[in-house]
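In what follows, a single structure is set out as structure tokens and then discussed.
The values are calculated or read from the model by the stated rules, or taken from the named source; none is laboratory data. From a predicted model like this one, the values you see are computed outputs, not experimental measurements. Methodologically, a virtual Cβ is constructed for each residue, glycine included, from the backbone with ideal geometry; neighbour enumeration extends over all protein chains shown.
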2 protein chains.
Amino acid sequence: MTTVLVVEDDRAVLRGITESLELEHFEVAQAEDGITALEMAQETRYDIIILDLLLPGKTGEDVCRELRGSGNDTPILILSNKQEEFDKVLGLELGADDYMTKPFGTRELLARIRAILRRGGALTPDLVEYSFGEVWINFKKQEVTRSGEPLKLTAKEFEVMRYFIEHEGEVVSRKQLLDEVWGYETFPTTRTVDNFILSLRKKIEGDPSNPRHITTAHSVGYKFIK
Amino acid sequence: MTTVLVVEDDRAVLRGITESLELEHFEVAQAEDGITALEMAQETRYDIIILDLLLPGKTGEDVCRELRGSGNDTPILILSNKQEEFDKVLGLELGADDYMTKPFGTRELLARIRAILRRGGALTPDLVEYSFGEVWINFKKQEVTRSGEPLKLTAKEFEVMRYFIEHEGEVVSRKQLLDEVWGYETFPTTRTVDNFILSLRKKIEGDPSNPRHITTAHSVGYKFIK
DNA sequence: ACTCTTTTGACATGGTCATGACAATCGCGG
DNA sequence: CCGCGATTGTCATGACCATGTCAAAAGAGT
């Protein structure tokens, strides 16, 4: 079981991240301030630490530096609100392994976590190619064909598609999609999701009005079937 | 699969190098101090070792000398912060195969790694000549022609082109280009990339406003197609 | 100092996405 | 089996954001 320490003072974000990680079967520990985080990290060995920069008590910067100073080399993924913040920190040779600027979708967060963990050891590689029915998708090349015919997806459509594929056979709610693909701090209406479904169906389904792959789970969400 | 051992105590640099190498499909092992590095090198046979001179525990100099002393002839590429440092070391007949002074771009690092490996025998030769559509490029001679007509690319344009060619068919993000071609310690705005795309298109595309080879992947990056 | 290259900034343009209206469909209870 | 409310399908619209493009500033090399 992979253990993750999430350090984040914004409860909403903390909860969101935790839920997403638990959904992916990570074991999650939480800290809401720098001092607690340090204590926890020194006591327990986590596989990775997700660390917000802006924290009460001690900043994430402090936490990071003190951990490294005490010889702790747990991989750290920094969350910051602005690009510039991290640039500054990077200049200070903080010793973090990666960083993300808010807002971010959970998909990206998970991808980065997996990338970091993969560096340290063994973990499954990223999804590059996938096919179902008459459709072929190559995420690396951002190319899609249906029955051999190339078709165009937008960046976000690729992301939604990827999410569906990674959760093949599961019912995913609109909220889940919004959180995971769009990110916590953006609040489009659920109508937006429907529209992406619509446009995806038009593109990948043979008969868009009788979808076979992206099916509706009424009053719950959608389900992708290979 | 080519294996590389990177020995570097600055995490940011270590991470940068690791990512670049992994992006180029090398298998990367990491060490952050001289002692660990020695152990790893004696236990496993790597195709090449990237070795920072300034290390905690044992200096890169020590590591290099001890390896050679014990009969290990794995190619070594030295990284040093200053020209003088290496000059000193070179006088000591250290037995390294090449060296670079920081800061350096990833392109240069990769070029040197490939050069060293090629000497040893195993690795595809460098990209010397390449053609697509009406365009011929000779990287060694730094010459380009389109429909037989010679045209001039700047040094950086050559590098961007080379990166595109080496990643033909893949979508590459602006960030990726900045990291890989410009090097991880420079932070030009992303506008810079666009302008290089613009100027490359003007030069190599028959109809620059309808690019066939350097295509746009909206909100993601660009893609080179042969 | 001059020239060529690279970077930056400004503006125009086009694509993408979010929203709301309305129609169609579903599920549930009668 | 029918009807009603709730949910989803569908489309048109406008705002916004990413990119195309150019010009000028900054930097590098000679």
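Scan segment A:212-226 residue by residue and report those that are within 9 Å of DNA strand C (Cβ to nearest atom) and under 24 Å from the mean Cα position of the chain (by Cα). Quick ask: steps written out before the conclusion?
Of segment A:212-226, the ones within 9 Å of DNA strand C (Cβ to nearest atom) are A:216-219.
A:Thr216, A:Ala217 - these are the residues of segment A:212-226 that are within 9 Å of DNA strand C (Cβ to nearest atom) and under 24 Å from the mean Cα position of the chain (by Cα).
Count of segment A:125-157 residues, restricted to those that are basic (Lys, Arg) and within 14 Å of B:His218 (Cβ to Cβ), is 2. Taken as a whole, the structure places B:Ser209 among residues that are over 19 Å from B:Gln176 (Cβ atoms) and within 11 Å of DNA strand C (Cβ to nearest atom). Please give the number of the condition B:Glu166 fails out of (1) within 13 Å of DNA strand C (Cβ to nearest atom); (2) under 22 Å from the mean Cα position of the chain (by Cα); (3) within 21 Å of B:Gln142 (Cβ to Cβ). Result: B:Glu166 fails condition (1) only. Note on segment A:141-170: residues that are within 14 Å of another protein chain (Cβ to nearest Cβ), part of a loop (DSSP other than H, G, I, E, B) and loosely packed, with under 14 Cβ neighbours inside 10 Å total 1.
Table: residues versus (1) within 10 Å of DNA strand D (Cβ to nearest atom); (2) surrounded by fewer than 16 Cβ atoms within 10 Å (Cβ to Cβ); (3) outside any helix (DSSP H, G or I).
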residue: B:Val172; (1), (2), (3): no, no, yes
residue: B:Lys175; (1), (2), (3): no, yes, no
residue: B:Leu178; (1), (2), (3): no, no, no
residue: B:Val193; (1), (2), (3): yes, no, no
residue: B:Phe196; (1), (2), (3): yes, no, no
residue: B:Arg212; (1), (2), (3): no, yes, yes
residue: B:Lys223; (1), (2), (3): no, no, yes
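With segment B:1-101 as the region, which strands (runs of 3 or more DSSP E) entirely inside it contain at least 2 residues that are modelled with pLDDT under 85 and not β-branched (Val, Ile, Thr)? Break it down stepwise before answering.
On the way: elements: B:3-7, B:27-31, B:48-52, B:76-80, B:98-101.
Because the criterion is at least 2 residues that are modelled with pLDDT under 85 and not β-branched (Val, Ile, Thr), the strands (runs of 3 or more DSSP E) in segment B:1-101 that meet it are B:76-80, B:98-101.
The set of residues in segment A:199-210 that are within 6 Å of DNA strand D (Cβ to nearest atom) and more than 17 Å from A:Ser147 (Cβ to Cβ) contains only A:Ser209. The set of residues from segment A:145-159 being more than 14 Å from A:Phe104 (Cα to Cα) and within 13 Å of DNA strand C (Cβ to nearest atom) comprises A:Leu151, A:Lys152, A:Leu153, A:Thr154, A:Ala155, A:Glu157, A:Phe158.
Scan segment A:142-153 for residues that are within 16 Å of DNA strand D (Cβ to nearest atom) and over 11 Å from A:Lys203 (Cα atoms) and the total you get is 1.
Within segment B:171-220, can you find the residues that are within 14 Å of chain A (Cβ to nearest Cβ), farther than 15 Å from A:Lys140 by Cα and of a type in the set (A, V, I, L, M)? The answer is B:Leu178, and nothing else. Scanning segment A:33-75 for residues that are over 20 Å from A:Lys102 (Cβ atoms), within 14 Å of another protein chain (Cβ to nearest Cβ) and surrounded by 16 or more Cβ atoms within 10 Å (Cβ to Cβ) gives A:Arg65, A:Leu67, A:Arg68, A:Asn72, A:Thr74.
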